[in-house]
There are 2 protein chains.
Amino acid sequence: MRDSHGAERARPATLKDVASLAGVSIATVSKALNGREHVRAETRARVQAAAEKLSFQPNVLAKGLLAGRTGTVGLLASDLDGRFSIPVMMGAEDAFGAGSTSVFLCDARGDSIREQHHLRALLSRRIDGLIVVGDTTNPRETLGRDMPVPVVYAYAPSTDPEDISVVSDNVGAGRIAADHMLDCGRSRIAYISGDVSYHAARDRVEGATAALAARGLNLVGGEALYGAWTEGWGRGAVRTLLSRNPDLDGILCGSDQIARGALDALREAGRDVPGDIAVMGHDNWEQIAAQSRPPLSTIDMRLEEVGRLAAELLFTAIDGDYRVGTHSVATRLVTRGSTALAG
Amino acid sequence: MRDSHGAERARPATLKDVASLAGVSIATVSKALNGREHVRAETRARVQAAAEKLSFQPNVLAKGLLAGRTGTVGLLASDLDGRFSIPVMMGAEDAFGAGSTSVFLCDARGDSIREQHHLRALLSRRIDGLIVVGDTTNPRETLGRDMPVPVVYAYAPSTDPEDISVVSDNVGAGRIAADHMLDCGRSRIAYISGDVSYHAARDRVEGATAALAARGLNLVGGEALYGAWTEGWGRGAVRTLLSRNPDLDGILCGSDQIARGALDALREAGRDVPGDIAVMGHDNWEQIAAQSRPPLSTIDMRLEEVGRLAAELLFTAIDGDYRVGTHSVATRLVTRGSTALAG
DNA sequence: CTGAAAGCGCTTACAG
DNA sequence: CTGAAAGCGCTTACAG
């Protein structure tokens, strides 16, 4: 049986094969199959039948050689093991969608040698453009202005303001989360954030602080608690908060993992969520948010929309229209059981 | 500044450009750059300098047109939002590695229309071979025997035994987990499994049962408890077990999420892990295993090794050597705090 | 050692 | 309406 896979594998059909089967020239086949005019209907039908019979698939490489475009864009990610670049890629794929553009995905795993390697591989395959997805929300080094194809930076913006970047609106996310707490009738609200070195952490806090200020309120304790993006930090921070501010009635968290830890610590301290204290996360990480007790209200960054917008901006750039600057995608509130109107 | 990105973008240099700068023919440039013999050292140096100066990158598409090989393989995944296909891809990338092969990743998201679309896109780009990564460990429908390029199925084997498949050894994983429990001095061991419709669930239980039988033991309760791949199920199952078999001293779980739920329920029931009861997961999902209390001992499926082996088998298949059948990758024990010698 | 020519699979003016 | 020819960027015998 081995040979059924090997020796018999047919060389893919070419225009020439179709032409000789249909009894016409390869030029005519090309025109017929590409819907060009000036081909008799009967001829076109005959060509199509021949192509069908031979399972003819045009060689996109040969096409690209002529057209100068390959219908392929690269997506250079740094955190595939993380969960951010995947939705971005899906959004980009959707935007290129039914069209004839394909996405060529590589992961540099935070290694700049590997990044260079992939970049070279992509460019030598003559991609039409490139989307670079960062591994955090912090700005990343630009690839420079002398790239042979347009580049769009997604999730992490480029350090060069003359590049095209697409990010999630973290300030807005903080505002939306805080407003939701206020809408639930909470007023003594604390913020447990992640690693202070992340722009995103500070931006979310900034948005929340502004939303509270708009109603004349401050964060409980005066400012956010910064720590790590882990459940362990969420648990520890809650214990600190409960001893210092036993009367708090809402906790905003910088990530779903932090919120998950917070929920566990609150339950173990005998506090009721959401009756006593409401809790919000950030990320809408399904596996975490849906499995916590109670299920977690959170902010969805709409990463697929980030990818979709990046793809659109890349497309217009390929067509020569460079919309440089940082484009921001609005986030979305997702309510589950951990927030509710105060009794 | 917009124009600095647009109008000035240089057409990539071609052999012709290098040839005229170096003052030789394009044939000579090709030979010089590809290390062919019969080129004078001085000429080669001059060509290399010219290529360097123009940042010449050979057009891989044009090369592929000649060679019949493109140096690109496709990887068709179904669960990118999941966490299984990414490590498989990384392993495959490593295997193709420093060489000149690139991986073209697409995600069908469990949609067969999309799968066909991607398949067509990949084939029209003349990939040299294809790796298909399933979304579960259950066998998946073969793509058939008349594919124009070799195909290797990874994680989920193909339904056709004459295809080439690479899977994780689930029976062995169950055995390793149970043996570890036994090595920790446990003898009253229960098994909380996931969805019974998954082959992997049953295979892991089978391996564990066999390992216990080898020492004359049975699972507590006589058989495994099947449910869902969730924390919620892990919690519920533990409560059931504790009421029926209060003296159990070890719990094997079908996944890290189930184990995470089990740990939470045990702690809330006042049982000490690992002193009183040892717990094992499966998957080595870092985010879950490292954050649970205590950190979770578990089984690593070595998915990167699955990807690496799939890539190697694909390579040998491209060279005409079809090693059909299902190849199995051994799993690995990872010990953290949730297992220890019984006091 | 170097270069002219043919050809990979396709498209596109240009003749007929 | 149809086809012969040139050309996209490259490599590979084959002459010189």
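The values are calculated or read from the model by the stated rules, or taken from the named source; none is laboratory data. Because the structure is predicted, anything quoted here is derived from the model rather than measured. No Cβ is skipped: glycine too gets one built from the backbone with ideal geometry, and neighbour counts run over all protein chains shown. Heads up: the accessible areas ignore ligands, DNA and RNA and are worked out on the full protein's heavy atoms, side chains in. Shrake-Rupley method; radii C 1.70, N 1.55, O 1.52, S 1.80 Å.
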Fill in the blank from the handout: A:Gly99 fails exactly one of (1) more than 8 Å from chain B (Cβ to nearest Cβ); (2) modelled with pLDDT under 85; (3) under 21 Å from A:Met301 (Cα atoms), namely (3)
Exercise for the section: Using the structure shown, decide if A:Arg109 is part of a loop (DSSP other than H, G, I, E, B) and farther than 20 Å from A:Val329 by Cβ. Expected result: yes
Practice task
Answer yes or no: is there a residue in segment B:262-273 that is within 25 Å of A:Gly261 (Cα to Cα), open to solvent by less than 40 Å² (accessible area, probe 1.4 Å) and not in a helix (DSSP H, G or I).
Solution key: yes
Exercise for the section: Could you tell me whether B:Val47 is more than 13 Å from chain A (Cβ to nearest Cβ) and surrounded by 18 or more Cβ atoms within 10 Å (Cβ to Cβ)? Expected result: yes
Completion exercise
Within segment A:57-72, restricting to residues that are farther than 17 Å from B:Gly68 by Cβ and within 8 Å of DNA strand C (Cβ to nearest atom), the one that is most open to solvent (accessible area, probe 1.4 Å) is A:Leu66
Handout entry: Matching residues, segment B:9-35, being surrounded by 18 or more Cβ atoms within 10 Å (Cβ to Cβ) and away from chain A (no Cβ under 14 Å)
Key = B:Val18, B:Ala19, B:Leu21, B:Ala22, B:Val24, B:Thr28, B:Val29, B:Lys31, B:Ala32
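Having 3 or more residues that are away from DNA strand D (no atom under 12 Å from the Cβ) and under 30 Å from B:Arg308 (Cα atoms) is the bar; report the helices (runs of 4 or more DSSP H) wholly within segment B:23-103 that clear it. Steps first, answer last, please.
Numbers: elements: B:26-33, B:41-53, B:60-67, B:85-96.
Where helices (runs of 4 or more DSSP H) fall fully within segment B:23-103 and carry at least 3 residues being away from DNA strand D (no atom under 12 Å from the Cβ) and under 30 Å from B:Arg308 (Cα atoms), they are B:85-96.
Modelled with pLDDT under 90 and surrounded by fewer than 20 Cβ atoms within 10 Å (Cβ to Cβ): does that describe B:His38? First the steps, then the outcome.
Details: modelled with pLDDT under 90: yes; surrounded by fewer than 20 Cβ atoms within 10 Å (Cβ to Cβ): yes.
Spelling it out, B:His38 is indeed modelled with pLDDT under 90 and surrounded by fewer than 20 Cβ atoms within 10 Å (Cβ to Cβ).
If a residue has to be among the polar types (S, T, N, Q) and touching a residue at least 24 places away in the same chain (Cβ under 8 Å) to count, how many in segment B:228-276 make the cut? Lay out the reasoning, then the answer.
At the first step, the residues of segment B:228-276 found to be among the polar types (S, T, N, Q) are B:230, B:240, B:243, B:245, B:255, B:257.
Narrowing the set further to residues that are touching a residue at least 24 places away in the same chain (Cβ under 8 Å) leaves B:230, B:245, B:255, B:257.
Of the residues in that region, 4 qualify.
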Exercise for the section: Please identify the pairs in which a residue from segment B:300-311 that is free of Cβ contacts under 8 Å to residues at least 60 places away in the same chain has its Cβ atom under 6 Å from the Cβ atom of a residue that is outside any helix (DSSP H, G or I), counting only partners at least 6 apart or on another chain. Expected result: B:Asp300/B:Asn284; B:Asp300/B:Arg332; B:Asp300/B:Val334
Completion exercise
Being crowded, with 24+ Cβ neighbours inside 10 Å, farther than 24 Å from A:Gly134 by Cβ and either within 14 Å of chain B (Cβ to nearest Cβ) or not hydrophobic (A, V, I, L, M, F, W, C) (or both) narrows A:Gly254, A:Gly221, A:Gly234 down to just A:Gly234
Completion exercise
Of the residues in segment B:203-254, those that are in a loop (DSSP other than H, G, I, E, B), touching a strand residue (DSSP E or B) at 6+ places or on another chain (Cβ under 8 Å) and within 19 Å of B:Met301 (Cα to Cα) number 1
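Criterion first (closer than 29 Å to B:His117 by Cβ and not hydroxyl-bearing (Ser, Thr, Tyr)) does B:Leu54 satisfy it? Even if it seems obvious, please write down each step before you answer.
Working: closer than 29 Å to B:His117 by Cβ: no; not hydroxyl-bearing (Ser, Thr, Tyr): yes.
Spelling it out, it is not the case that B:Leu54 is closer than 29 Å to B:His117 by Cβ and not hydroxyl-bearing (Ser, Thr, Tyr).
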